[in-house]
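J.: Below you'll find the structure I mean.
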Amino acid sequence: MRQEAERATPQSLDRPDSDRPDPPAAPPRPVLLRPRDAATLIILDRSRKKLKLLMGRRHAGLAFMGGKFVFPGGRIEPSDRMMPVAGALSQRADDALRAKLPRAPHHLGRSLALAAIRETYEETGLLTGTRDYGPPETAPEGAWQAFADEGVMPDLEALHLVARAITPPRRPRRFDTRFFAIDRKAVVAERPGIVGPDAELTELAWVDLDAARKLDLPRITRVILDDLEAAADAGFPPYRPIPFYFERRGKGVREEI
């Protein structure tokens with residue numbers, strides 16, 4: 001005797017073995033990384049008619065900006081807020097560093113400036129600061145010990161804030177970077193052997209602005225060169241507007257702080 005086909009009911013369609021095809025899976029939403037606070041240091045040589053600046057080529061094997069020429073720098077480390085200094089940032093620079101950050105800690109500007117100085121040493125071997133006051137009485141473990149050994153105190157008063165830029169969303173790494181400039185005269189010690197073929201920076205180059213623009217640069221670095229040139233030509237006036245670059249709804253934005 002022929003068996004009757006099972007009638008489809010709402011209950012049968014809910015069974016795991018139902019022949020109903022599964023709905024297409026929704027595409028995964030991109031993970032938007034929160035930018036990390038970071039800082040870079042642009043060392044300027046103004047001893048001759050043509051301004052020159054120090055740039056380093058990142059190792060080609062690095063996942064972030066591999067092979068590009070950049071300014072030395074990196075993210076804040078906890079030890080940065082504990083390092084003694086010889087001079088403080090100007091109030092204007094400190095205010096600009098915390099602008100548009102309603103919950104910014106009071107030590108943010110100081111930590112950013114010290115991060116730029118420490119990262120520059122770690123990547124280039126150059127120690128910036130002063131020996132006029134002797135070595136710091138204490139120094140955190142790690143890279144800051146080199147400053148104590150060399151009798152160098154970081155001098156934040158010698159720094160000029162140039163610009164701020166946030167890496168756009170949907171990038172593998174994101175940084176909220178502040179760009180500082182300092183004169184080459186502030187380099188008071190150097191430790192060799194840090195730059196090399198297996199290091200983070202494989203070479204250093206002192207280049208003028210025209211030559212710098214011809215290097216393989218990240219897009220934002222090329223933009224910052226224009227801001228740097230304008231600020232240097234004006235003599236880094238303390239109350240000049242600070243450019244701030246970020247992305248909003250997929251479009252690049254430039255504001256002033």
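The values are calculated or read from the model by the stated rules, or taken from the named source; none is laboratory data. Computed from a predicted model, the values in this text were never measured in an experiment. So basically every Cβ, Gly included, is an ideal-geometry build from the backbone, and we count neighbours across all protein chains shown. Please note that ligands, DNA and RNA were not included when accessible areas were found on the heavy atoms of the full protein model with its side chains. Shrake-Rupley method; radii C 1.70, N 1.55, O 1.52, S 1.80 Å.
J.: Which pairs break 25 Å Cα to Cα here: Lys52/Lys100; Lys100/Lys214; Lys50/Lys185; Lys49/Lys185?
T.: Distance filter (> 25 Å) returns Lys52/Lys100; Lys100/Lys214.
J.: What net charge is computed for the residues neighbouring Phe236, neighbours being all others with C-beta under 12 Å from the C-beta of Phe236, Lys and Arg scored +1, Asp and Glu -1? Before the final figure, lay out the partial values.
T.: Working: positive: Arg46, Arg92, Arg240; negative: Asp183, Asp227, Glu229, Asp233.
Net charge around Phe236: -1.
J.: I would also like to ask the following. Name the residue, out of Arg219, Arg171, Arg110, whose mean-square fluctuation peaks in a Gaussian network model built on the chain with Cα pairs under 10 Å.
T.: Largest GNM mean-square fluctuation: Arg219.
J.: Which whole-Hz couplings ³J(HN,Hα) result when phi for each residue of the stretch 220-237 is put into the Karplus expression 6.51 cos²θ - 1.76 cosθ + 1.60, θ = phi - 60°, listed in order with x for Gly and Pro?
T.: 5, 4, 4, 5, 5, 4, 5, 5, 5, 4, 5, 5, 5, 4, 8, x, 6, x
J.: Select one label from (1) 1, 5, 9, 12, 13, 13, 13, 12, 9, 7, 4, 2, 1, 0; (2) 1, 5, 12, 16, 17, 15, 10, 5, 2, 2, 2, 2, 2, 2, 2, 2, 1, 1, 1, 0, 0, 0; (3) 1, 6, 14, 19, 21, 19, 13, 5, 1, 0: the one whose number is P(r) over Cα pairs in 5 Å bins from 0, in percent as derived from the coordinates shown.
T.: From the options (1) 1, 5, 9, 12, 13, 13, 13, 12, 9, 7, 4, 2, 1, 0; (2) 1, 5, 12, 16, 17, 15, 10, 5, 2, 2, 2, 2, 2, 2, 2, 2, 1, 1, 1, 0, 0, 0; (3) 1, 6, 14, 19, 21, 19, 13, 5, 1, 0, the structure gives (2).
J.: Moving to a separate point now. Divide the volume of the convex hull of the Cα atoms of the stretch 38-141 by its number of residues and quote the answer in cubic angstrom per residue.
T.: 158
J.: Roughly how many percent of the accessible protein surface of the chain is carbon and sulfur, given a 1.4 Å probe and a whole-percent answer?
T.: Ligands and nucleic acids excluded, carbon and sulfur reach 50 percent.
J.: Below 12 angstrom from the Cβ of Val162, what's the summed charge of the other residues (Lys, Arg +1; Asp, Glu -1)?
T.: Values: positive: Arg164, Arg178, Arg240; negative: Asp226, Asp227, Glu229.
Net charge around Val162: 0.
J.: Another question, if that's okay. Can you give me the accessible area per residue for the stretch 89-178, using a 1.4 Å probe, in Å²?
T.: Solvent-accessible surface per residue comes out at 44 Å².
J.: Pull up the DSSP beta bridges for the chain and report the antiparallel fraction as a percent, rounded to 5. Walk me through the numbers before you get to the answer.
T.: On the way: 30 of 42 bridges.
Counting DSSP beta bridges with both partners in the chain, the antiparallel share is about 70 percent.
J.: Considering the chain as a Gaussian network with a 10 Å cut-off on Cα pairs, which listed residue, Asp233, Asp216, Asp176, attains the greatest mean-square fluctuation?
T.: Per the Cα network of the chain with a 10 Å cutoff, Asp233 tops the list.
J.: Separate question: Name the residues whose placed amide hydrogens come within less than 5 Å of the amide hydrogen of Leu33, ignoring near sequence neighbours (fewer than 5 apart) on the same chain.
T.: Result for Leu33 returns Arg170, Arg171.
J.: What relative contact order, as a whole-number percentage, does the stretch 150-232 give when Cα pairs under 8 Å and 6 or more residues apart are counted?
T.: Details: 57 pairs, mean separation 21.4, N = 83.
That works out to 26 percent.
J.: Excluding Val85 itself, calculate the net charge of residues whose Cβ lies under 13 Å from the Cβ of Val85, where each Lys or Arg counts +1 and each Asp or Glu counts -1.
T.: So the surrounding residues net to -3.
J.: Here's something else I'd like to know. For the stretch 167-207, compute Rh as the Kirkwood radius over C-alpha pairs and then the Stokes-Einstein diffusion coefficient at 4 °C and 1.567 mPa s; write the answer in µm²/s, rounded to an integer. Display every interim value, and only then the final one.
T.: Numbers: Rh = 13.8 Å.
Result for D is 94 µm²/s.
J.: Can you run phi through the Karplus equation (6.51, -1.76, 1.60; θ = phi - 60°) for the stretch 167-179 and list ³J(HN,Hα) in whole Hz, with x for Gly and Pro?
T.: Running phi through 6.51 cos²θ - 1.76 cosθ + 1.60 with θ = phi - 60° gives 4, x, x, 6, 9, x, 9, 10, 9, 9, 9, 10, 9 Hz.
J.: Compute the helix-to-body angle for 108-124: its Cα long axis versus the longest principal axis of the chain, expressed 0 to 90° and rounded to tens.
T.: 80
J.: Comparing Gly74, Gly196, Gly235, which has the greatest mean-square fluctuation in the GNM of the chain with Cα pairs linked when under 10 Å apart?
T.: Gly235
J.: With +1 assigned to the C-beta of every Lys and Arg and -1 to the C-beta of every Asp and Glu, and no other charges, what is the dipole magnitude of the chain about the Cα centre in debye, to the nearest 20?
T.: Dipole about the Cα centre, nearest 20: 980 debye.
J.: Also, I was wondering about something else. Around Gly87, which amide H atoms from residues at least 5 apart in sequence, or from another chain, sit under 5 Å from its own amide H, with H modelled in the peptide plane?
T.: Result for Gly87 returns Leu156, Glu157.
J.: Can you compute 3J(HN,Hα) from phi for each residue in the stretch 146-159, using the Karplus curve 6.51 cos²θ - 1.76 cosθ + 1.60 with θ = phi - 60°, rounded to whole Hz and x for Gly and Pro?
T.: 5, 5, 5, 5, 8, x, 10, 9, x, 10, 6, 5, 7, 8
J.: Report, in deg cm²/dmol and to the nearest 500, the calculated mean residue ellipticity at 222 nm for the chain, where each DSSP H run with n ≥ 4 adds -39500 (n - 2.57) and the sum is divided by the residue count.
T.: -6000 deg cm²/dmol
J.: Mind grabbing the base-10 log of I(q)/I(0) for the stretch 54-203 at q = 0.11, 0.13, 0.20 Å⁻¹? Debye formula, identical points on the C-alpha positions, no solvent, two decimal places.
T.: -0.43, -0.60, -1.35
J.: About the Cα centre of the stretch 210-257, what is the dipole size in debye to 20, counting +1 per Lys and Arg Cβ and -1 per Asp and Glu Cβ, all else neutral?
T.: Approximately 300 debye in magnitude.
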